[in-house]
Amino acid sequence: SGAIAPLKGSWLVALRERGGRLARRQDLPPEAFWTADELRRHVDALGPEFGALFVALSYRWLRPEHPDPVGFHLAIVVDVLQRYLGTAGSANKDGPNPERSPLVGAFEGKGLGAPDCAIFWDFASLYQKPRAANEDALFLPGLKASNVWYGHAASVCWMQSELPAGFAGVAYEASGWCFVEAAISAGVKPAKQRLDLGKRTEEALSFAYDHYANIPASKLTGVCAAKRPPPLLPSRVRELLQTEKTFTASSDVETVAELYRRFFEGVASTASRLDFRQLQWGADEARQLAAVLPRFEALTALDLSENKLGAEGGRVIAEGVRVSHSLTECDLRFNNLGKEGWCAIFDALRDSPQNTIAKWDLSREWQYSRMDMEIVK
C-alpha cells in the first residue's frame, strides 16, 4: 500500500559515513528505500530465513520536530548494523571462522550477494507532518502495521534505549510508545532476535556474532537480549500505561493499550512455539511467564533452557505445565532446578491434562547431574 517505506541498511551505513543526518520520509531519495517488489523477491529467495531481512527500530525521539537531530541514534544503530551486515566487528574477522549474523548466513546460503536488510525507522518509514492528503491517509495504516514489524516471531527488533547526556525528557522505559513497542517485541520473538542496544558492551561489539565466542555474555545476542521481560497480559499493559508511563497526548493511552490488546490476542491464539533461552531469567520472570502461559492456547513447545530458574522457578513453571492443555515439549536444561525443582516438574507432568513426558527434553541435563539421575530412579 505504500504506508510503510523500509530503509535499506546499506544506505543508512553510507549516510553515517558521509556525515549525513536522517530526514523525514518525504525528504529522502528513492534509493534510500526498498520497494515492495524487491522485498518480495528476497523473501521468496530466503525461504524460512526471511525474517532476518526485517529489522524494526524502537527508540526515544529527542525533539518533537526531529527525533535524532545530531545523529546520536544513527551512530549507535549503524555501529550495530555494520556487524549485522558483516562489514565490521569480530575479533576473528580475518580468521577461519569470521562473524556470521543470521542475515549474512542467509544471504550467503542463497547466493544473494552483499547482505542488506530492511529497517523500519518511524521518522523515515512513515509520512511525517506536514503531510499531503494522500500521505495523511497512509499514516495511521502505517502506524498500525508497524506492530507487525515489532512483534512478528520471525523479524528482528532493536531497541535503542540509550539517551544522550543531558537529555531532558523521560527515559526510554518511561515512554508510553517505547514501552508498548518493547512489550510487543517481547511477545513471541525468539530470544536472540530482540536486542536492547543500550546494553551493548565493547566486548560484545568486538565479538558481535562471532562463532568462536561461545559464551553468550561475550556476544551481542547474549548481552543485548539478557533479562528481557516475559510477555505481559493486556490488562497489565493498560495498568502500566495509565499509572507509570508518559505520553505527549493523554489520549494516546487508550489507543496504545488497544494496539497491544489486539496484538496479544492475535499471537496468543496462534503461537505454537516460544523460545526464551539464555535470557538470565530467574524465579521472578518464571512467575510472570506462568501467569500468562494459560492464554497461549495453541502453545505446544517452550524453550527455557540455559536460564537461572532455580528450584523456585521450576516449581512455578510446573504449575503452568499442570494446567496447560496444549504443551507437549519443553526444554528446561541447565537451569539449576535441583531435586525440588525437578520433582515439581515430574509431578506436574504426571498430572497435566495431556499427560505426556515423551517430548520433554530433560535427558542431557540428567547426564550432568547425579542428583537428577536419582530423581529419575
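The values are calculated or read from the model by the stated rules, or taken from the named source; none is laboratory data. What you see is a predicted model, and the numbers here were worked out from it, not measured in a lab. Cβ placement follows ideal geometry from the backbone for every residue including glycine, while neighbour counts extend to all protein chains displayed. These accessible areas exclude ligands, DNA and RNA; they are computed on the full protein's heavy atoms, side chains included. Shrake-Rupley method; radii C 1.70, N 1.55, O 1.52, S 1.80 Å.
What do you reckon, is Glu329 open to solvent by 50 Å² or more (accessible area, probe 1.4 Å), at pLDDT below 95, touching a Ser or Thr at 6+ places or on another chain (Cβ under 7 Å) and of a type outside the set (Lys, Arg)? For Glu329, the condition - open to solvent by 50 Å² or more (accessible area, probe 1.4 Å), at pLDDT below 95, touching a Ser or Thr at 6+ places or on another chain (Cβ under 7 Å) and of a type outside the set (Lys, Arg) - is met. When Glu38, Glu65 are checked against the criterion of being closer than 17 Å to Leu126 by Cα and surrounded by fewer than 16 Cβ atoms within 10 Å (Cβ to Cβ), Glu65 stands alone in meeting it. Put simply, of Asp79, Asp94 the only residue that is surrounded by fewer than 22 Cβ atoms within 10 Å (Cβ to Cβ) and at pLDDT below 95 is Asp94. The single condition from (1) more than 24 Å from Arg322 (Cα to Cα); (2) in contact with a Gly (Cβ under 9 Å, 6 or more places away or on another chain) that Arg287 fails is (1).
Checking the structure you have, find out if any residue of region 299-308 is part of a loop (DSSP other than H, G, I, E, B) and touching a Ser or Thr at 6+ places or on another chain (Cβ under 6 Å). The answer is yes, given that some residue of region 299-308 is part of a loop (DSSP other than H, G, I, E, B) and touching a Ser or Thr at 6+ places or on another chain (Cβ under 6 Å). In region 350-377, the residue that is modelled with the highest pLDDT out of those that are under 31 Å from the mean Cα position of the chain (by Cα), of a type in the set (A, V, I, L, M) and farther than 19 Å from Phe276 by Cβ is Ile357.
Of all residues in region 52-60, none satisfies being touching a residue at least 12 places away in the same chain (Cβ under 8 Å), closer than 21 Å to Ser10 by Cβ and in contact with a Lys or Arg (Cβ under 9 Å, 6 or more places away or on another chain).
Candidates are the residues of region 294-315 that are aliphatic (A, V, I, L, M) and open to solvent by 20 Å² or more (accessible area, probe 1.4 Å); the one that is farthest from the chain's Cα centre (by Cα) is Ala311.
Scan region 104-128 for residues that are out of contact with any Phe, Trp or Tyr (no Cβ under 9 Å at 6 or more places or on another chain) and closer than 21 Å to Glu65 by Cβ and the total you get is 0. Total residues in region 157-206 satisfying the condition of being closer than 20 Å to Leu85 by Cα and without any contact (Cβ under 8 Å) to a residue 24 or more places away in the chain: the figure is 4.
Against the condition over 30 Å from Ser324 (Cα atoms) and not in a loop (DSSP other than H, G, I, E, B), how does Gly266 come out, does it pass? Taking the combined requirement at face value, the residue does not satisfy it. Scanning region 47-59 for residues that are over 19 Å from Pro102 (Cα atoms) and either surrounded by fewer than 19 Cβ atoms within 10 Å (Cβ to Cβ) or touching a Phe, Trp or Tyr at 6+ places or on another chain (Cβ under 9 Å) (or both) turns up at least one hit.
Scanning region 232-249 for residues that are surrounded by 21 or more Cβ atoms within 10 Å (Cβ to Cβ) and assigned to a helix (DSSP H, G or I) turns up at least one hit. Does Arg100 meet the test of being at pLDDT 95 or above and of a type in the set (Lys, Arg)? No.
Here Arg16 fits the description: open to solvent by 60 Å² or more (accessible area, probe 1.4 Å) and more than 23 Å from the chain's Cα centre (by Cα).
Scan region 183-207 residue by residue and report those that are buried (at least 22 other Cβ atoms within 10 Å of the Cβ) and farther than 15 Å from Thr221 by Cβ. Selection gives Ala183, Ile184, Gly187, Val188.
Considering every residue within region 192-208, establish whether at least one is aromatic (Phe, Trp, Tyr) and in contact with a Lys or Arg (Cβ under 6 Å, 6 or more places away or on another chain). Yes. Scanning region 115-148 for residues that are of a type in the set (Asp, Glu), farther than 25 Å from Arg261 by Cβ and surrounded by 15 or more Cβ atoms within 10 Å (Cβ to Cβ) yields Asp116, Glu135. Among the residues of region 149-171, those that are among the aromatic types (Phe, Trp, Tyr) and either in a loop (DSSP other than H, G, I, E, B) or open to solvent by 10 Å² or more (accessible area, probe 1.4 Å) (or both) comprise Trp149, Phe167.
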